[in-house]
Every structure is written in structure tokens, then in C-alpha cells.
1. Measuring from label point to label point, each 7 Å out along Cα→Cβ, what is the residue 72 to residue 126 span in nm?
2. Once label points are set 7 Å from the Cα along Cα→Cβ at both residue 22 and residue 171, what is their separation, rounded to one decimal in nm?
3. Got the relative contact order for the chain handy, in percent, Cα pairs under 8 Å and 6 or more residues apart?
4. When a footprinting reagent is the concern and you count Cβ atoms within 10 Å, what order do 123, 3 take, fewest first?
5. Treating the Cα atoms of the chain as identical point scatterers in vacuum, please give the log10 of the normalised Debye intensity I(q)/I(0) at q = 0.13, 0.16 Å⁻¹, two decimals.
6. Within region 59-85, find all residues whose amide N lies under 18 Å from a label point positioned 7 Å from the Cα of residue 192 along Cα-to-beta-carbon.
7. Could you give the distance between the Cα centres of region 134-151 and region 1-47, to the whole Å?
8. Please sort 133-146, 40-53 by packing, taking for each peptide the average over its residues of neighbouring beta carbons within 10 angstrom, highest first.
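Derivation of every value follows stated rules applied to the coordinates shown; laboratory data play no part. This is a predicted model, so every value here is computed, not measured. Here Cβ is always computed from backbone atoms with ideal geometry, including for glycine, and neighbour counts include all displayed protein chains.
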């Protein structure tokens with residue numbers, strides 16, 4: 001299975017644990033990759049299934065490119081949050097509006113956090129300019145940069161809470177961090193069982 005860094009949520013990890021309990025001989029390999037690479041792995045058959053993540057309105061599917069003969073399934077939806085350094089003036093707020101942060105300093109981390117171009121799209125602004133760029137899939141490195149004051153990052157709330165810094169949920173616009181399972185139209189046995197577990201979960 002291939003997955004983008006923030007897509008391996010607690011709900012997905014639990015479903016994988018249940019799958020391993022059902023299929024004791026399962027040889028499970030999880031490869032953490034960029035979102036585009038995950039989709040490529042599923043489309044070319046290098047992965048039986050993939051997990052991708054992003055932001056969307058509640059219950060809306062992720063805006064994904066044409067995936068041909070594949071299917072997506074909602075695997076998890078979590079509160080979207082912004083990761084601030086502890087000393088930031090907004091770090092003690094109960095919630096923030098993304099539109100109030102368009103001119104803030106951001107970390108451009110498209111492989112780990114919500115891509116800044118996606119924030120620009122959902123807020124219909126040309127703001128959200130990067131202060132620094134973070135490339136790769138190292139979530140802890142991203143968290144360290146945000147906590148040290150190099151810029152803000154938008155992440156699923158549970159993940160942001162594990163990275164250090166101050167975590168403030170996004171109140172407006174109404175968005176969630178969504179994880180979707182991408183799989184062939186006719187998935188393999190274990191992938192089919194994972195789909196059933198995620199639907200039941």
C-alpha cells in the first residue's frame with residue numbers, strides 16, 4: 001500500500017490492524033510517498049491500494065485528477081487545524097479563519113501539509129505565500145520548523161497535535177482534512193477486505 005504522509009490516520013491504522021488480524025498471512029508494506037506518486041502506484045499496479053489526503057468541504061470528495069479505472073472511498077475526515085509556534089499571537093485562540101491568515105508567513109510543504117495553492121483556491125485569494133519551503137515527507141521536521149517560528153502549516157488536527165507547537169482548529173471556511181482510499185475497480189482480496197473494514201468503521 002502506498003500513502004501520502006498525512007493520510008495514515010488513526011482510523012486507517014486501526015483498519016489495517018483489523019485486516020492483519022483477519023488475514024494472518026498478510027504481507028503488508030506501507031510506502032509513504034508524495035500524493036502524485038501514490039496515485040501513480042495504484043494506476044500502474046505497483047500498489048494494491050493507496051491513501052491520499054487533502055482538504056475539502058465536509059462530505060465532499062477530494063479534487064483528484066482523472067484516475068481512469070479506479071475507485072475512491074472516504075477513509076477518514078478530521079478537523080483541519082493550523083500549527084503555530086507557541087509564542088504566536090493567535091496560538092491561544094479557540095479557532096481561526098483561514099482568510100485572516102492570508103498574509104501570514106507559511107511553510108510551503110506540499111508533500112506533508114495542505115499545499116498552499118489549495119489554501120489559495122479554497123479561500124479565493126492570492127495570499128498564503130511561503131516563508132520557507134519544505135520538500136519531502138518528514139512530518140516531524142515540518143513540525144519542528146513550525147514550532148520554531150519559521151511559518152505556519154495546515155494539517156489534520158490529531159497529526160498537528162503530535163508534532164509540537166500550538167494547534168488551532170480552522171473555523172472558516174468549513175473544511176475538513178479528508179483521507180480517501182484509491183483502488184482499482186476490481187481490487188485484490190486484501191484490498192477488498194480493507195475497503196469493507198473502512199466502510200464498516
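1. 2.8 nm
2. Taking the two extended label points, one gets 4.1 nm.
3. Details: 421 pairs, mean separation 68.3, N = 201.
Result for the chain is 34 percent.
4. In increasing order of surrounding Cβ atoms, one gets 123, 3.
5. -0.69, -0.99
6. Answer for this model: 70-73.
7. Computed from Cα coordinates, the inter-centre distance equals 24 Å.
8. 40-53, 133-146
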